1. Residues of the stretch 89-129 being buried (at least 16 other Cβ atoms within 10 Å of the Cβ) and of a type in the set (Gly, Ala, Ser), which ones?
2. Sort out for me the helices (runs of 4 or more DSSP H) sitting completely within the stretch 93-211 that have 1 or more residues that are in contact with a Phe, Trp or Tyr (Cβ under 7 Å, 6 or more places away or on another chain) and modelled with pLDDT of 50 or more.
3. Can you confirm whether residue 83 is within 17 Å of the chain's Cα centre (by Cα), under 20 Å from residue 119 (Cβ atoms), without any contact (Cβ under 8 Å) to a residue 40 or more places away in the chain and assigned to a helix (DSSP H, G or I)?
4. Give the residue, chosen from 52, 14, 27, that is over 18 Å from residue 78 (Cα atoms), out of contact with any Lys or Arg (no Cβ under 6 Å at 6 or more places or on another chain) and either hydroxyl-bearing (Ser, Thr, Tyr) or without any contact (Cβ under 8 Å) to a residue 24 or more places away in the chain (or both).
Amino acid sequence: MVNILEQISSQLGDYAYQKIGQQLGLDANTSKMAVQNALPVLIGALARNTQDPKGAAALAGALDRDHDGSVLNNLDSFLKAPEQGKGAGILGHVLGSQRGRVEQYVSKSSGLNTNNTGQLLEMLAPLVMGSLGKHKKSQGLDAGGLAGMLGQVLNGQGASGAQAAQPGQKPAKSPQQQLLASLLDSDKDGDISDDLINLGGKLLGGMFGKK
């Protein structure tokens, strides 16, 4: 199964890192580092919602309806007016009240100030959705296939910094996965399964269920 994090990184490419950096006043390397730290959390936040069939169906419908990947074909135009991608709205529903914690994580791990980090996440959100929509269409994925692909992030596959497990051991979680687990475990009981049930339809359902 495709590594969706690598797929999105490949679709963005060095040109996108450079253009995003120019918009934020960053060099290309700092921009790339920030993007690579933010992507696993954004993808993981989407993945958590698709673990509920209703959330998966809602995301699949939204991708079909509004995110065909065309945003990736003209990055210059998008980055000149990134607000057209409604990134703030996407983040509001995907990250909810935890957006601040994600911004703090990306800021700390990449050396960005919080203002730049917020702008970066708002730029990335529509690009991530566009990339997912493009991949869904090219692979003919239904809601279940989309959920399975995104579920790799929750299962420890494809996150940067994750370490290979020894036989009989679970793979070590990357910093991004640790943050995601913390974001998911809203009741702090050490078990995210109940939180997945509660969050599954609520966040994405509110955003994508209706037009």
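1. Pass one, the stretch 89-129, residues buried (at least 16 other Cβ atoms within 10 Å of the Cβ): 90-95, 98-99, 102-103, 105-107, 109-110, 112, 116-129.
Correct list: 92, 107, 109, 110, 118, 125.
2. Those helices (runs of 4 or more DSSP H) span 175-184.
3. no
4. Result of the check over 52, 14, 27: 27.
The values are calculated or read from the model by the stated rules, or taken from the named source; none is laboratory data. Treat the numbers as computed from the prediction; the structure is a model and nothing was measured. Neighbour counts are summed over all protein chains in view; Cβ atoms, including those assigned to glycine, are modelled from backbone coordinates with ideal geometry.
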